[in-house]
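Asks: I am attaching a structure below and will ask some questions about it afterwards.
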Amino acid sequence: MAKKPFAIFGILSCLFCVGVGSTHLTSQDDPMHLRMNVVLVQLNIAVTDNHGNYVTGLHPSDFSVSEDNIPQNISTFEESRAGRGAMETARPNQASNADPSSQLAIPKITTANLFILFDTSNYMYRSFVFAQDAIADFIRSMDGSSRIAFYSYSRNLLRATGLTSDPFQVINGVRSSVAGDDAALYNSLLLTVKDAAPLKGRKAIVVFSNGPDNASSVPPEDVSELAESTGTIIYILSTRKAQDDPQSAAAFERVSKASGGKAYFAKDWRQEKNAFASIQEDLVHLYTLSYYPQANPNRGWRSIKVKLVGKELQKYHTRTRDGYRLLPGAVRSPDSVRVGSETDPN
């Protein structure tokens, strides 16, 4: 599938941020020589034991974060579980990358933003109503602290319900969705990531798909890179078994894993229900932290590594995105920023 101008527009037009922050672009003495400063990078981290059970109650000092092997200082931290305090305090034995501010209260990251993207293509005809029921039940399972948006797609993306904390409004959007024709999943998913990109707080997309993509002009790799660079988690629930469509299944796995999410394959409504329950469980057990990147000459892909500190925590596993990419840009005026429009030809 060839990359079209649509992909370039989708990627370059939406990145004013990395994670929950934004990029601030300043010109040096030469107005065509550009410098990009990343304000804040946000990570959503799942911690599990060898049996897949979530590990709770960890603190900022239990995590070590590096970017291109450069140690980073955690600036904000939150555990998703209900009842956690608004602030976490870094322990005195913070890892070697700590600074004096690590002894201060680390503020909480507020607001969780969830986008549900529903396949209404002709692949969904037979199970349309059952899919609506499963999505409605999932929406009801979310706690009141989340804002939820409901989008649907076939050949085009329909933004049925914008972000709201009213679950009844979102469910009304689900119930009013209608079946369409071909499926342009990656086009629609790229646009959804673009909508999530400038938002602060946690950002996640749950895709309910019943078939392969047969109408997109962008490849899944474009979606993966944009999701990683904006800190957006993607969960994909496919109602086809992986072996029924191995090419799509492999793409779903790659996209979700790169963003720090998961892919699920359900052959009946029971497995769909279990998959939605697993996604909900994952969302409420995430640790979210952010950091201001240390000086780094790398202007391309930056790799991120998260480790747990202390021998007693080495038996646990972490899951998050692997990195992000900086995009070049230029500043026309303090009130007008154009991303990726003009670069130094040399």
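The values are calculated or read from the model by the stated rules, or taken from the named source; none is laboratory data. This is a predicted model, so every value here is computed, not measured. Here the Cβ positions follow ideal geometry from the backbone for every residue, glycine too, while neighbour counts run over all protein chains shown. Please note that ligands, DNA and RNA were not included when accessible areas were found on the heavy atoms of the full protein model with its side chains. Shrake-Rupley method; radii C 1.70, N 1.55, O 1.52, S 1.80 Å.
Asks: Within segment 110-150, work out how many residues are under 23 Å from residue 179 (Cβ atoms) and in a strand (DSSP E or B).
Replies: Total satisfying the criteria: 8.
Asks: Right, here's the next one. Looking at (1) assigned to a loop (DSSP other than H, G, I, E, B); (2) of a type outside the set (A, V, I, L, M, F, W, C); (3) over 19 Å from the mean Cα position of the chain (by Cα); (4) surrounded by fewer than 22 Cβ atoms within 10 Å (Cβ to Cβ), which one does residue 213 not meet, given that it meets all the others?
Replies: In the conditions (1) assigned to a loop (DSSP other than H, G, I, E, B); (2) of a type outside the set (A, V, I, L, M, F, W, C); (3) over 19 Å from the mean Cα position of the chain (by Cα); (4) surrounded by fewer than 22 Cβ atoms within 10 Å (Cβ to Cβ), residue 213 misses (4) alone.
Asks: If the Cβ limit is 8 Å and pairs must be 6+ apart or interchain, which residue in segment 55-70 that is assigned to a loop (DSSP other than H, G, I, E, B) pairs with which residue that is of a type in the set (Val, Ile, Thr)?
Replies: These pairs meet every condition: 55/47; 55/48; 58/47; 59/89.
Asks: So, one more: Can you find a residue in segment 306-329 that is surrounded by fewer than 16 Cβ atoms within 10 Å (Cβ to Cβ), at pLDDT 90 or above and small (Gly, Ala, Ser)?
Replies: yes
Asks: Looking only at segment 256-286, which residues are of a type in the set (D, E, K, R), in contact with a helix residue (DSSP H, G or I) (Cβ under 7 Å, 6 or more places away or on another chain) and surrounded by fewer than 21 Cβ atoms within 10 Å (Cβ to Cβ)?
Replies: Result: 262, 273.
Asks: Let me ask something additional. From the residues in segment 59-78 that are open to solvent by less than 10 Å² (accessible area, probe 1.4 Å) and not charged (D, E, K, R), which one is farthest from the chain's Cα centre (by Cα)?
Replies: Among those that are open to solvent by less than 10 Å² (accessible area, probe 1.4 Å) and not charged (D, E, K, R), it is 61.
Asks: For residue 147, state whether it is open to solvent by 50 Å² or more (accessible area, probe 1.4 Å), of a type outside the set (Val, Ile, Thr) and more than 17 Å from the chain's Cα centre (by Cα).
Replies: no
Asks: Right, another one. Say we look at segment 233-255 and pick out the residues that are more than 19 Å from residue 276 (Cβ to Cβ) and either touching a Phe, Trp or Tyr at 6+ places or on another chain (Cβ under 9 Å) or not charged (D, E, K, R) (or both); which of these is most open to solvent (accessible area, probe 1.4 Å)?
Replies: For segment 233-255, the residue satisfying everything is 247.
Asks: Continuing with this model, one more query. Could you tell me how many of the residues in segment 151-178 are more than 23 Å from residue 212 (Cα to Cα), free of Cβ contacts under 8 Å to residues at least 24 places away in the same chain and either outside any strand (DSSP E or B) or of a type outside the set (Val, Ile, Thr) (or both)?
Replies: 8
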